[in-house]
Structures are given as C-alpha cells and as structure tokens.
Amino acid sequence: MIRLPRIAVPLLKPNDVIPHLGKPTHWKQGRSAKAVADSWFAANDLPPRVRAVLEQAPEFRGAELIDAWLERSTDLGDGRGTPSQTDLLAVLGVGDELAVMGVEAKVTESFGPLVSDWLGEGGVGKEDRLQRLCDLLGFDRSDVGDLRYQLFHRTAATILEARRYRAGKAIMLVHSFCGEATGLADYLAFFERMGVSGTGRDRMGGSVRAGGLQLWTGWVGDECPS
C-alpha cells in the first residue's frame with residue numbers, strides 16, 4: 001500500500017518545490033511546473049485570472065484560499081505504486097463550507113497519452129485502474145480509448161482529495177500559460193463526454209455529480225511569468 005506523508009512544512013519560495021518534482025528538469029522557464037509555482041507564490045492567493053474564471057460560477061464567488069500544496073500526491077486506492085501527482089491542490093473556503101480544487105498547469109505539454117496507447121504500453125494493474133477511474137467518474141469503459149489518460153487520474157485525484165477533506169464541492173481546473181491553449185480540444189472532449197456543459201476557454205463549465213459530490217471544471221488562460 002502507498003504511504004503518503006501527511007506531515008508538511010511550508011514552501012518559502014517557488015524553487016523549494018524542485019525536490020518534489022517528477023524530474024528536476026521540469027524546473028525551467030517556459031515549463032508548467034515553474035509557471036504555476038511562480039504565479040501562485042506571487043499572488044499568495046488565487047491568481048487574478050484564476051479568480052476571474054472561478055467567479056463565473058455563483059457557488060465560488062468570493063472564495064478564500066485556505067491552503068494550497070504544490071506537487072500533491074494522491075493515492076488512487078488501487079494498490080498500484082504510482083499515485084497521481086497534481087501540480088497544485090487548493091482548499092477553498094466558500095461561505096461556511098470547503099471546496100477542493102485540483103489545478104493542472106500547462107504550457108505546451110499535452111495531457112499525456114491516449115487511454116488506448118497507455119493500455120497498449122502494458123503493465124500490471126492498468127485495466128483495474130482504468131475501470132476504477134471510469135466507475136468513479138461515470139464513464140463507459142468501452143468508450144474512453146480516444147481520451148487522454150492524465151485527465152482521468154487528475155480529475156479522480158481531485159474528487160478523492162475533496163472526499164478526504166469532507167468537502168461537498170470539487171473543481172478540476174486547468175491553468176494554461178500557453179497563448180495557443182495547447183490541449184484545449186482534449187480537455188473539451190473529456191469533460192463534454194463526462195456530461196459537463198458549458199466548457200470552454202477562460203470559462204467555468206457546469207457541474208456533474210461524480211464520486212458522491214458535485215464536480216465543476218474550468219480553463220484559465222494566463223501569461224507565463226517572466
């Protein structure tokens with residue numbers, strides 16, 4: 001069983017996250033790991049463009065950033081030794097309730113392989129993991145081969161973390177630092193098939209019931225910090 005640490009100390013500056021990255025080479029100008037850390041550290045709050053999109057949904061107007069973690073690892077509960085590592089996980093105060101937001105940062109990176117290609121690479125436990133993800137998110141297992149695998153486990157991680165915090169609301173947000181919105185078509189395909197309405201660039205989509213709570217999604221376009 002995966003044993004993830006629950007005791008944490010604060011990061012004092014953006015590059016304190018480097019030891020926690022999947023690869024140290026991810027820390028460079030123009031890559032999403034550095035862009036999201038620089039952006040959120042500079043704001044020490046919801047970055048302005050994130051807040052502007054989030055507040056399109058009445059449920060999240062005036063949201064307060066309670067806490068946030070960079071490179072948050074989440075056990076997907078299937079016994080495999082590979083947790084999902086979310087770029088940033090934020091706990092929000094919305095009135096007298098909590099909401100949990102998983103933030104996937106992108107510059108020109110894709111959302112990983114297609115599900116069909118990921119399965120084709122082989123590996124123990126993949127079929128079981130995929131079925132569990134589909135059950136959690138409400139997908140038909142036979143109709144997901146053309147979708148991007150990363151969107152499955154990042155969205156699932158957001159829901160599982162929201163459950164852990166006993167939050168009734170979750171948001172899976174893409175924070176894009178690419179002027180061409182690389183990956184937008186894959187994002188739209190995934191959430192539209194999941195049944196989310198109103199998705200789009202610089203928009204909060206509607207919500208769906210998934211994993212026992214209400215899930216929203218949003219896409220934020222932003223400038224890459226210099």
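Taking (1) buried (at least 17 other Cβ atoms within 10 Å of the Cβ); (2) touching a residue at least 24 places away in the same chain (Cβ under 8 Å) in turn, GLY125 satisfies each apart from (1).
For region 16-28, does any single residue satisfy the condition of being surrounded by 19 or more Cβ atoms within 10 Å (Cβ to Cβ), under 16 Å from the mean Cα position of the chain (by Cα) and closer than 26 Å to LEU160 by Cβ? Explain how you work it out, then say what you get.
Just the residues of region 16-28 that are surrounded by 19 or more Cβ atoms within 10 Å (Cβ to Cβ), to begin with: 17.
If we keep only those that are under 16 Å from the mean Cα position of the chain (by Cα) as well, we get none.
No: zero hits.
Considering region 29-42, the residues that are surrounded by 15 or more Cβ atoms within 10 Å (Cβ to Cβ) and more than 17 Å from the chain's Cα centre (by Cα) include one that is farthest from PHE177 (Cα to Cα), namely PHE41. The residues in region 45-60 that are free of Cβ contacts under 8 Å to residues at least 12 places away in the same chain and farther than 11 Å from MET204 by Cβ can be counted, and the count is 1.
Residues in region 15-36 that are free of Cβ contacts under 8 Å to residues at least 40 places away in the same chain and of a type in the set (A, V, I, L, M): ILE18 only.
Only the coordinates and a few stated rules stand behind these numbers; no lab work does. These numbers come from a predicted model, not from an experiment. Cβ coordinates were reconstructed from backbone atoms using ideal geometry, including for glycine residues, and neighbour counts include every protein chain displayed.
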